[in-house]
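Just so you know, all these numbers are worked out from the coordinates, no wet-lab data involved. These figures come from a predicted structure and were not determined experimentally. Note: ideal-geometry Cβ built from the backbone for every residue, glycine included; neighbour counts use all protein chains shown.
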Amino acid sequence: MARVTQDELTRYHDGELSASERKRIEEALRTSPAEDRAQLEKLDRLGDLLCIMHEEQVSQMSFDGFADRVAEEIRAAEKPGLGERLGVWFAEFFEHRRIVWIPAASLVGAAAAVLLVLPLVRGPQPAAPIPQGVSGGIWAASTDGAMATAVPRGSEAILANRGQVTGWEFTVPNDRGEPMGVVWVND
């Protein structure tokens, strides 16, 4: 019968073989030369020595205050700055959450485009109706001239926005019943 290899002996000693492989190795050891059995005995003695050595090392170690020492080391470690922490957060976010941020960024971009284009296509807004019991008139002024007559009685208004500006001029009574002028600008 063929000799047992060193690898097979080691795996047999460590209990890493299946039942059928273990049975095959045991039969081979019964009929194999004494050298194979001697090698298995060396492995047994080596395993026993390693166990004894491990037990001695563990018995010499002290785990008293181990958790406190670990906690102290953690506290003593230098904490990274805000920039470094944010950098790590963004790197991990973009690396591991692509499925979230790519559609979100696309949605934000589309919303920004709509918000930029909407004022261009909206045009001038209709003026608000005059409330009942209030006298007044509609006025309009263009920004082509830096100043425009806003109230028919000669008051002037400086227009700061672009395009056509419209508004209402009302005369309403104040607390004492005196007429008071109010200008409503539709922008």
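Brief remarks follow.
- Here region 1-111 is treated as a sphere whose radius is the Kirkwood value from Cα pairs; by Stokes-Einstein at 37 °C and 0.692 mPa s it diffuses with a coefficient of 158 µm²/s.
- Label-to-label distance for Phe66 and Thr171 is 9.4 nm, based on points extended 7 Å past Cα in the beta-carbon direction.
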